[in-house]
Every structure is written in C-alpha cells, then in structure tokens.
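Scroll down for the structure; my scribbles are underneath it.
The values are calculated or read from the model by the stated rules, or taken from the named source; none is laboratory data. Predicted model only: the values in this text are computed from it and were never measured. Using ideal geometry, Cβ is built from the backbone for each residue, glycine included, and neighbour counts are taken over all protein chains shown. Each accessible area value is taken on the protein alone, full model and side chains, heavy atoms only, with ligands, DNA and RNA left out. Shrake-Rupley method; radii C 1.70, N 1.55, O 1.52, S 1.80 Å.
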Amino acid sequence: MPETDKPPGDLPPLRDVIARYGLAAKKSLGQNFLLDLNLTRRIARAVPDLANSTIYEVGPGPGGLTRALLAEGAAHVIAVERDDRCIPALEDIANAYPGRLTIAPADALALDETKLIGEYGGGRPVQIAANLPYNIGSALLVKWLTNSSCWPSFWQSLTLMFQREVALRLVAEPGTHAYGRLSVLTGWRANPRILFDISPSAFTPPPKVTSSVVQITPLSDPVADCALSDLERVTAAAFGQRRKMLRQSLKTLVPDAETFVMEAELDPTLRAERLSIADFAALARRWAELAKKD
C-alpha cells in the first residue's frame, strides 16, 4: 500500500527508511509497521491536549506514528524501542525535530516509565500513544492500569492500537462473550472506547486480523470500592474457569466457594461473565475480610 501524504520536513518515505536500514518486521517482536501517514496522523490527532503534553510511545519501529505525533504538534515524544535496528531511523526523526524526541532503547515491560518521564517529560501532562506490538499489548495495558500506588495514574490518556478482538474485550459489557478479566480491570478505574478500525492492508506486513484504535481515560475514582490486588485475585480465579459456576470456579480461591459468594450477597450459580464490576468488587471486599482473619 503506497504511503499517502507528504512526509514531514526532509524525512524520506517510510518505505525508503525500512529498505535503507533493513527493517523487515520481526514476528517475534509482534511488529507490523503502519505506513499510511493519513492513518498515523488520524491517531495523533485523537490524542488529547497533544500540543501541551509529553507523549510516551512504545514500539515506534521505523517511526511512522512518531513522525505523525511530532508533525501534529506534540510538545515532546519519548519513544521506547526494544529493537536496536530501529534506533537509526528514530535518530533521523530526532534530527528533523530538534529537542522534541527522546529515544529510549529498552524493553517497555521491564522499564520504570515514571523515572524516564520524570527525567525527560518536562513536567507536562503525559499521554500514552502507541501502535502496540501485538504480543505484549495486553500485558502493557495491565501494567499501566495496575502499577500505580495512587490513582489517577501518571498518564492522562491512553490512545492505543490493539487487535480488534482485544479492543472488544476492553469495552465488553457483562453477559457478552468478550467480557472477561481485562474488561473488569479496565472498566473498574477507566473509561475505554473504540475510536476506529484499521484494515490489515494498511500494515507491512499485513496482519491476519483487523486492528482497532482505543482511547482510555482514567476515572477519578474506581466504580466500586475494593483493593486492586484483591480484585485481581478474584477475577483471575473466576475467569480462570469461566464456564463453571462461581461455586466451582472460586474453589481455587476458597474451599467453600458457595458460602463465600453468598456472603458477598451474590448468586453462587452465576458464571463470571454475568457479574458486574461492582459484583466483582463485592467479592474482592469479602476476600479481603477473609484474608485479615487468616
């Protein structure tokens, strides 16, 4: 698929950059490069308060979205890239936008992004925007939703690309097939919405699935009171055997699961996918009470 729109500044087309630096996408890194500048700019324009924010980007690859973020006026971009092959291409972008791009060669899953942002973020609001590698997208999202000791988190918004299947899980309602642990953990303290889909043909190489751009904004307070660690424990148990009733699936958590569920004022014959976020919070609070007794 040919690139559309003119590359910013003196930067060459992304296809030329990929050829110059030998950046064939690696399946092991979950790489699928988005080359259509109209689409990358559409993603960039969806990021809130772009001109006044530091953008934290994971997996920029040859820099398609990075270019768009800077061209659309991002105050500063911090790009975290694990693939050393891509660093020279990102350095070309940094030279085209002096002082506005920080490149961090690192594994985003292992990185303490708050330290990196504290050093290079300039004290600005932080928005996370990324065409996430498919193989770590969900893990990164869970990290950003759960690694904060306080809430709201260090970020003001997430504008991320996922496989559409994952995107549907993020916004799923109770009682639907897509509803699961990721739905609960996301909806408990944030508001997710799907912005638009992107066809496989827009990528190099084309993935086998449609992608979706999702925007997630943090809530000022969780939708129901409980400790995050307790919510994680309860949802892991309940959805670990999602086809079973709670009185069975939660036996991995407590021996007498039926009584446990009834003490949370819920029906033990329900399956996990039928519970609301508030219901899971009730189970988490009851679990915390039992843990204190032990």
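Approximating the spin labels as points 7 Å out from Cα along Cα→Cβ, the T269-to-A291 distance works out to 3.1 nm.
Spin-label model, A106/Y120: points 7 Å from Cα along the beta carbon direction are separated by 0.8 nm.
Other residues lying with their Cβ under 13 Å from the Cβ of R164 contribute a combined charge of 0, Lys and Arg counting +1, Asp and Glu -1. List the chymotrypsin sites (Phe, Trp or Tyr not before Pro) within region 194-239 that DSSP assigns to loop and that have no more than 12 neighbouring Cβ atoms inside 10 Å. Loop-located and lightly packed - none at all. Taking Lys and Arg as +1 and Asp and Glu as -1, the other residues whose beta-carbon sits under 11 Å from that of T252 total +3. With K and R counted +1 and D and E -1, the other residues having a Cβ less than 13 Å from that of A236 yield a net charge of +1. Per residue, the average separation of C-alpha pairs within less than 8 Å and at least 6 apart gives region 1-142 a relative contact order of 27 percent.
Please find the FRET efficiency linking N147 to R15, where r is the Cβ-Cβ separation and R0 is fixed at 30 Å, and quote it to the nearest 0.05. With a Förster radius of 30 Å, E is 0.25.
Counting only protein heavy atoms and a 1.4 Å probe, region 88-193 has 41 square angstrom of accessible area per residue. The residue list V47, P200, I136 was ranked by how far each Cα lies along the charge dipole of the chain toward its positive end, using unit charges on Cβ atoms, and P200 comes out on top. Amide H to amide H distances under 5 Å link D49 with no residue, where only residues 5 or more positions off or on other chains count and H is placed in the peptide plane. At q = 0.08, 0.16 Å⁻¹ the log10 of I(q)/I(0) for the chain amounts to -0.39, -1.18, computed by Debye summation with a single uniform scatterer per C-alpha, solvent ignored. Excluding same-chain neighbours fewer than eight residues apart, the aspartates and glutamates reachable from K293 by a Cα-Cα span under 17 Å are D230, D256, E263. Helices meeting the span-like rule in the chain (full DSSP H runs, Cα extent of at least 18 Å along the helix axis, mean Kyte-Doolittle score of 1.0 or higher) are absent. Round to the nearest 0.05 the FRET efficiency obtained for N191 and A24 when R0 = 41 Å and r is the Cβ-Cβ distance. Here the calculated transfer efficiency is 0.60. For the chain, the carbon plus sulfur part of the accessible surface works out to 50%, probe radius 1.4 Å.
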